[in-house]
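Here is the structure we will look at, set down as structure tokens.
A short reminder: the numbers here are calculations on the coordinates, not readings from a lab. Because the structure is a prediction, the values reported are computed rather than measured. Note that we place each Cβ from the backbone using ideal geometry, even for glycine, and neighbour counts take in every protein chain shown.
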Amino acid sequence: MRLIFLGPPGVGKGTQAQKLSAQLRIPKISTGDILREAVSKKTALGLDARSFMESGKLVPDEVVIGIIRERMIEADCRKGFILDGFPRTEPQARALALMLNRDRPGLDRVLNFELSETELVRRLSGRRSCPNCQAVYHVELNPSRNPDRCDRCDGKLIQRSDDHPETIRKRLEVYQAQTLPLIRFYEGQGVLTRIDGSGSPDGVYQRVMSAVGKLP
Ligand code: AMP
């Protein structure tokens, strides 16, 4: 199954992608995670990407398209994948279509997660994550047992450098300008399903399951 999870930052698509990836046993591919790892390891990619990420801007298309092109040829993608945070611009979506349409009709479904801006800001500003295992928490909505430590691996939780108020505003603006048009793009292809992203992660997951379960 080939899926894209689309939606603004903070909508919870990463959390949902992680759950579905475990259930369907297909990889979750997050360009944000790949880039953050490159930044923390100070690779050439990380050094290039860092300033874009810290200011809430998008990393250039050719860089992220290159990341996805390399990742998709790995063996674990043969059974399918969930793309989380890619594509984010029309050129990325067109490049992806070219990569996928080579063998068979490209995508099974694009799930577009929706949530009010007030709630997005609330979720982003309280988000804490584990740099070690990528688990995600929220100080009020989904706290870890020990406030500073990951429940899964005991790693020290951090607030992402782009989850601060100024950068959050910038990321939401960038989303409106560059990623929102993708909803039309995929709607035009008849593959888009809208998912209400409000409420508990389990409640949202039920909606995800019923959207994915309807696939042939
Ligand atoms: P995310 O974890 O998906 O919110 O991504 C964090 C940051 O990584 C974004 O604000 C961008 O700077 C960068 N990034 C992740 N995915 C992409 C993408 N598909 N295109 C451009 N930049 C990206």
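Annotation for L98 and C77: the two label points, set 7 Å from Cα along the Cα-Cβ direction, are 1.5 nm apart.
Beyond 26 Å in Cα-Cα separation lie the following of the pairs K41/K79; K42/K79; K19/K42; K28/K156; K13/K156; K42/K170: K41/K79; K42/K79; K19/K42.
Which of rounded, prolate or oblate describes the stretch 105-147 when judged by the alpha-carbon gyration tensor and an a/c cut-off of 1.5? Judged from the Cα gyration tensor, the stretch 105-147 comes out oblate (a/c at least 1.5, b/c at or above a/b). Averaging Cα coordinates gives a centre for the stretch 145-188 and one for the stretch 2-79; these two points are 12 Å apart.
Per 0.36 nm of contour for each residue apart, how much would the distance between Q189 and V139 grow if the chain were fully extended, relative to their Cα-Cα spacing?
The Q189-V139 span can extend by a further 14.1 nm.
Can you classify the stretch 134-216 as rounded, prolate or oblate using the Cα gyration tensor, where a ≥ b ≥ c are the square roots of its eigenvalues, rounded means a/c under 1.5, and otherwise it's prolate if a/b beats b/c and oblate if not? Oblate, because a/c is 1.5 or more while a/b does not exceed b/c.
The slack in the chain from D48 to K170, taken as 0.36 nm per residue of separation less the alpha-carbon distance, amounts to 42.0 nm. Taking 1.306 mPa s as the viscosity and 10 °C as the temperature, the Stokes-Einstein diffusion coefficient of the chain based on its alpha-carbon Kirkwood radius rounds to 90 µm²/s.
With the highest mean first, a sort of the peptides 186-197, 86-97, 7-18 on other beta-carbon atoms found within 10 angstrom per residue produces 7-18, 86-97, 186-197.
Placing a pseudo-label 7 Å from each Cα along the Cα-to-Cβ vector at A22 and Q159 gives an inter-label distance of 2.7 nm.
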